Amino acid sequence: MTLHRQLVLALTVILLVLSALMVAITFKATERHLLAQQDVELNNTARLIGYALKPVIKSSSIGQIDALLNSLFDSSHYRSITLDFKDDRPNLTRLYPDESIPVPHWFIKWLAVDPIKHEVSVSSGWTVDAKLEIEASPLFTYIRLWNTSVGFVFITLLANIIAIGGFHFILKRHLGPLMELKDHMVSFPSNLRYQPVKQPKTKEVATLVNAFNTMSHQLNQFISDLESKSDNLTRVAYLDKITGISNRNYFLGIVEKQLNNQQSGFVAAFQFSELVKLKEQRNFRILNDNLQKIAASLTQLELKHTMVARISDAEFVLIDTKAPSEEFNQHVQTANNELVLKFGTQIRSTTLEIGEFENVREMLVEMDRGLRG
């Protein structure tokens, strides 16, 4: 998991925990406030009804008292009303069934608000004539708590989404150099070229980027030095110092590779008598000039799949590991015509197939035999 995802996940968990605590605290505070408010209102209502019943409490007409109660009470706020007379008159009890409310049943079952009751004594003089008991309906409390909870949860989730989105944007902006740094590290082995990462504004990330840029710059210099040394070694080991073409070592390496892999190929060798005489006369300046001219003539032919090499002071070879025999013979004929045209007829040549020999030494012996014959 990336650092970006870890930080976003950690913030999300923290915000959800804090939001849950805030919802729980707000829910309990709202519940206590609503129950306290309902208790005060019920107490005031009971006392008010007690005063209102004083003029008629001794009336023998129960209907008159019942009508007064009906006119004073709202059935939506109360569950039951009981008027208990102290004499032999029957009690008055009114029950109000719970109405359907837009609150889930599981919420009502989980909350289970305890009913609120209040009792007051009703008297017309010094004696108590009846006792009034009122029980409040919890429906109003359920509705208020449900609406408050839904609204608060919705606002909290919206705020959390905005906060997480903002945090994600800030992280992406400030941790962007780390992603760029990762891309540089992944691509570095393939391109091996130093490209500094842009400096970020975040101090901690900037320190890491500076360290990477410094390391990459040093590594790039080291690789450049290695490439330069490698080129020098290649020129020394496999390139002829005088002509700049491949030398004897490179030629023998290709032949040995073909033999080890049991693959074939063709070799054409050219020996120049004039060069042999110049070497015997120790006329190295003219010898080197002629070597360069011969090498230039062979390389300018641009024979497909064919490599030119100098294997001695008087011998050049053409080697091809891909072309068929007919095409290679055409290349040899083209090269021979060019050499005869420019350097005379004192040129000996021989053509060999690599696959006909068991080792390099055997092929070289056959090559020398062909050039001498």
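Given the condition at pLDDT below 70 and open to solvent by 30 Å² or more (accessible area, probe 1.4 Å), answer yes or no: does some residue in the range 203-212 qualify? Among the residues of the range 203-212, at least one is at pLDDT below 70 and open to solvent by 30 Å² or more (accessible area, probe 1.4 Å), which makes the answer yes.
For the range 333-356, the tally of residues that are within 19 Å of Val276 (Cβ to Cβ) and among the β-branched types (Val, Ile, Thr) stands at 4. Residue selection: Ile65 fails the criterion of being surrounded by 12 or more Cβ atoms within 10 Å (Cβ to Cβ), under 30 Å from Ala20 (Cα atoms) and either of a type in the set (A, V, I, L, M, F, W, C) or at pLDDT 80 or above (or both).
Could you go through the range 164-175 and let me know if any residue there is surrounded by 11 or more Cβ atoms within 10 Å (Cβ to Cβ), assigned to a helix (DSSP H, G or I), of a type in the set (Lys, Arg) and modelled with pLDDT under 70. For the range 164-175, residues surrounded by 11 or more Cβ atoms within 10 Å (Cβ to Cβ), assigned to a helix (DSSP H, G or I), of a type in the set (Lys, Arg) and modelled with pLDDT under 70: absent.
Within the set Phe140, Phe154, Phe85, the sole residue that is touching a residue at least 40 places away in the same chain (Cβ under 8 Å), on the phi < 0 side of the Ramachandran plot and open to solvent by 80 Å² or more (accessible area, probe 1.4 Å) turns out to be Phe140. The single condition among (1) under 60 Å from the mean Cα position of the chain (by Cα); (2) under 14 Å from Ala136 (Cβ atoms); (3) at pLDDT 75 or above that Arg94 does not meet is (1).
The values are calculated or read from the model by the stated rules, or taken from the named source; none is laboratory data. The model shown is predicted, which means the values in this text are computed figures rather than measured ones. Note that each Cβ is placed from the backbone with ideal geometry, even for glycine, and that neighbours are counted across all protein chains shown. Areas reflect the complete protein model, heavy atoms only, side chains present, ligands, DNA and RNA absent. Shrake-Rupley method; radii C 1.70, N 1.55, O 1.52, S 1.80 Å.
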